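Right, one structure below, let's go through it.
Just so it is clear, none of the values below were taken in a lab; they were calculated from the coordinates. Since we're looking at a predicted model, the values are computed, not measured. Positions of Cβ are backbone-derived with ideal geometry, glycine not excepted, and every protein chain shown enters the neighbour counts.
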Amino acid sequence: LGIVWLVFTYHFYNLIVHNYILTILYYNKYMKILFGTTNPAKVAWTKELLSYFDIEVITPDDLGIKDKPVENGKTPLENARIKCEFYHQYYHNVLCHDSGLFFEELNYQDPLQPSVHIRRPNNLNRSLNDDEMIEYYTNLIKDLGGKVKAYYSDGVVMMLGDEVFTKI
């Protein structure tokens, strides 16, 4: 039930964030935007959502962008800004999102705190796949007593021409 609740609250929060984005895009009449991510699931979900509003979503792949930003921020908002500023050099309207997972039982500075390194815990030099992630966090939660309160924190940055919009 805990994992289901976490997923539900994450998706509910994403709906709030996307409503904020849609409002800005709708009132600014920008109908094409670069979504600064290479995550196929995020791209598909965002393309579908924005298609209802006749907003075309393009990706770094669509523009032939091979370089990737160095996401070295300490918060989701910092990473979203880093990505947005990076991709803005390629296209004038850019939307970027980043999220972090946090356990209330751990101090914010604790190296076990997932934060923005959900797939690369403890400074791992590679990303965990889904199965490895489930195993890692299942064991961590067991070590923390078998139950934790977790939440996602999201950061969204959108650059429309010279205007910058942020949302936490």
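Assorted remarks:
- FRET efficiency, Asp61 to Ser153 (Cβ-Cβ, R0 35 Å, nearest 0.05): 0.80
- Looking at the range 61-115, the pairs of alpha carbons with a distance over 18 Å make up 42% of the total.
- Tail weight of P(r) past 27 Å, computed on alpha-carbon pairs of the range 28-168, percent: 28 percent
- Residues whose amide H lies under 5 Å from that of Ile118, counting only those 5 or more places away or on a different chain, are Leu101; hydrogens are built 1.01 Å from N in the peptide plane.
- One chain, two ends: Lys32 and Tyr108. Fully extended at 0.36 nm per residue, the span grows by 23.6 nm beyond their Cα-Cα distance.
- Applying the Karplus relation 6.51 cos²θ - 1.76 cosθ + 1.60 with θ = phi - 60° to the range 88-102 yields 3J(HN,Hα) values of 5, 5, 9, 8, 7, 10, 9, 10, 9, 9, 9, 9, x, 9, 10 Hz, where x marks Gly and Pro.
- Projected label distance in nm at Leu128 and His92, using a 7 Å step from Cα toward the beta-carbon: 4.3 nm
- Under-5 Å amide H pairs with Leu34, H placed in peptide plane, nonlocal only: Ile58, Asn93, Val94, Leu95
- Pairs over the 22 Å Cα-Cα cut-off, from the set Lys42/Lys66; Lys32/Lys66; Lys32/Lys74; Lys68/Lys149; Lys47/Lys83; Lys42/Lys142: Lys32/Lys74; Lys68/Lys149; Lys42/Lys142.
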